[in-house]
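Enquirer: Here's a structure for you.
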Amino acid sequence: MDILERRPRAVRFVDFTLEKLEGGRCRARVELDRQLNPALRQRYIGTAEDAASAAGTIKCSALAALEALRRVVGAAEEDLTLEDLKAVKVFDESAVIVALRARHKTQARRLVGFCLVEENAAQAAALAVLNATNRFLGTG
């Protein structure tokens, strides 16, 4: 069964945490849930570690969101990959933009997601991943 045949229904962002670790590293945790039927919701958690720098924390968060999404759809790591991400200023607002690669059978599509920074850039990176994939995976 391929990635598009496993489309989730009603995937929601539940929680995000970023923890500082020893040795200048950080760990991000992203929790999503999906409505399986009217009476049951399933939770999916993704985690990742990276350097505790400004760039490292947003990358870590994006990777954690990708891991959680892979669990939702049952995708392999190579089916959903992070190509690039940037923290940018847009119309005097801080934002995060991500570029992902999604593979489906013999096709590969580039997906782009965007999120304004409201609470912090790391959480915005996780939400930008969800923004990039929502139409492709039906996670919106």
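The values are calculated or read from the model by the stated rules, or taken from the named source; none is laboratory data. Every value quoted in this text rests on a predicted model; they were computed, and no experiment measured them. Backbone-built Cβ (ideal geometry, glycine too); neighbour counts: all protein chains shown. Ligands, DNA and RNA are excluded from the accessible area calculation, which covers all protein heavy atoms including side chains. Shrake-Rupley method; radii C 1.70, N 1.55, O 1.52, S 1.80 Å.
Enquirer: Near the amide H of residue 41, under 5 Å away, which other amide H atoms are found, from residues 5 or more places off or on another chain, if H is placed in the peptide plane?
Expert: 36
Enquirer: Same structure again: Of the heavy-atom accessible surface of the chain (probe 1.4 angstrom), what whole percent is carbon and sulfur?
Expert: It is 48 percent, rounded to a whole number.
Enquirer: Among the aspartates and glutamates, which have Cα under 20 Å from the Cα of residue 89 when same-chain residues fewer than 8 positions away are ignored?
Expert: 118, 119
Enquirer: Still on this structure, I have one more. Write out the chymotrypsin sites (Phe, Trp or Tyr not before Pro) in the range 63-140 meeting two conditions: DSSP loop, and at most 12 other Cβ atoms within 10 Å of their Cβ. Mind showing how you got there, number by number?
Expert: Details: sites: 91, 114, 136; in loops: 91.
Loop-located and lightly packed - 91.
Enquirer: For the pair residue 54 and residue 22, how long in nm is the line joining their label points, each one 7 Å along Cα→Cβ?
Expert: 2.9
Enquirer: Still on this structure, I have one more. If I fit a long axis through the Cα atoms of helix 54-73 and take the longest principal axis of the Cα atoms of the chain, what angle between them do I get, 0 to 90°, rounded to 10?
Expert: Long axis of 54-73 versus the principal axis of the chain: about 10 degrees.
Enquirer: ³J(HN,Hα) across the range 93-106 via Karplus (A = 6.51, B = -1.76, C = 1.60, θ = phi - 60°), whole Hz, x for Gly/Pro?
Expert: 10, 7, 8, 10, 10, 10, 10, 10, 10, 10, 9, 9, 6, 9
Enquirer: At 222 nm, what value in deg cm²/dmol follows for the chain if DSSP H runs of at least 4 each add -39500 (n - 2.57) and the sum is divided by all its residues, to the nearest 500?
Expert: -9000 deg cm²/dmol, from helical runs alone.
Enquirer: Ok, one more. Can you list which of the trypsin sites (Lys or Arg not before Pro) found in the range 37-99 are DSSP loop residues with at most 16 other C-beta atoms within 10 Å? The partial results should precede the final answer.
Expert: On the way: sites: 41, 43, 59, 70, 71, 86, 89; in loops: none.
Qualifying residues, ordered by number: none.
Enquirer: Could you tell me the calculated FRET efficiency between residue 36 and residue 81, based on Cβ-Cβ distance and R0 = 25 angstrom, to the nearest 0.05? Walk me through the numbers before you get to the answer.
Expert: On the way: r = 27 Å, r/R0 = 1.06.
Calculated value: 0.40.
Enquirer: Remind me, relative contact order of the range 54-134 in percent, using alpha carbon pairs under 8 angstrom and six or more residues apart?
Expert: 31
Enquirer: Sticking with this one: With a 1.4 Å probe and every protein chain left in place, work out the accessible area per residue of the range 1-113 in Å², rounded to a whole number.
Expert: It amounts to 57 Å² per residue over the range 1-113.
Enquirer: Sticking with this structure for a sec: May I ask you to work out the translational diffusion coefficient for the range 67-113 at 25 °C, viscosity 0.890 mPa s, via Stokes-Einstein with Rh from the Kirkwood sum over Cα pairs, reported in whole µm²/s? Before the final figure, lay out each step's value.
Expert: Details: Rh = 11.9 Å.
D, rounded to a whole number, is 206 µm²/s.
Enquirer: So what is Rg over Rh here for the chain, counting just Cα atoms and using Kirkwood for Rh?
Expert: Value, to two decimals: 0.97.
Enquirer: Determine the gain in length on full extension of the stretch residue 118-residue 89; use 0.36 nm per residue of separation and subtract their C-alpha separation, reporting nm with one decimal.
Expert: Additional length available on full extension: 9.1 nm.
Enquirer: Setting aside same-chain residues fewer than 8 positions from residue 86, which lysines have a Cα under 26 Å from its Cα?
Expert: Cα-Cα hits under 26 Å: 20, 59.
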